[in-house]
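The block underneath contains the structure these notes are about, expressed in structure tokens.
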Amino acid sequence: MGMDNGEVFSEAIRTVGRASEADRHVGRRIRERRVMLGLSQQQMADMIGVTYQQAHKYERGINRISAGRLYEIAQVLGVPVNFFFDGLDQEEVGPLATRQRMCLELARNFVMIQNERHREALTQLARALAVQDMAEERREAGDAA
């Protein structure tokens, strides 16, 4: 029992849809890593030999990235190629996506701080807040028990 033309067409559309989701995911991962390194889109584009517009389209998942180009991007960004596919099978949920955006913004701003003492102070502040939050959670868990 084979597929009729309608079924073949429907399957082709689903495959294209999945490819688009994968392309967008890979683009987001490229952007995350680029931002973490403090590189602009123009700098990355220059490093991989494409135009700014092309780099932008890669990050948005508008243009597909060939295997060779993805390998080149991985080299420039200092990660293995599989880095770009991490988390592809997981659905993004609202709070997680919001948290990821906040982390990206924090990393971008941190990289822009030129003063070493200020960066160290911010690092210590984040560490202190994390410890405080953990202590509060333990207290609340103790109160609930």
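The values are calculated or read from the model by the stated rules, or taken from the named source; none is laboratory data. None of the values given here were measured: they were computed from a predicted structure. Using ideal geometry, Cβ is built from the backbone for each residue, glycine included, and neighbour counts are taken over all protein chains shown.
If you check ARG101, ARG31, ARG119, ARG69, which single one turns out to be surrounded by 12 or more Cβ atoms within 10 Å (Cβ to Cβ), within 12 Å of the chain's Cα centre (by Cα) and not β-branched (Val, Ile, Thr)? Walk me through it before giving the result.
On the way: ARG101 fails: surrounded by 12 or more Cβ atoms within 10 Å (Cβ to Cβ); ARG119 fails: within 12 Å of the chain's Cα centre (by Cα); ARG69 fails: within 12 Å of the chain's Cα centre (by Cα).
Result of the check over ARG101, ARG31, ARG119, ARG69: ARG31.
Mind checking which pairs have a first residue in the range 35-53 that is under 19 Å from GLY68 (Cα atoms) and in the same structural domain as ASN63 (by the TED database) and a second that is of a type outside the set (Asp, Glu) and not in a helix (DSSP H, G or I), Cβ under 7 Å, 6 or more apart or different chains?
Close Cβ pairs (under 7 Å, with a partner that is of a type outside the set (Asp, Glu) and not in a helix (DSSP H, G or I)) amount to ALA45/THR51.
Please list, ordered by first then second residue, the pairs with beta carbon atoms under 6 Å, 6 or more apart or interchain, first in the range 67-80 and closer than 16 Å to GLN54 by Cα and touching a residue at least 24 places away in the same chain (Cβ under 8 Å), second of a type outside the set (A, V, I, L, M) and in a helix (DSSP H, G or I).
Final answer for the pair search is none.
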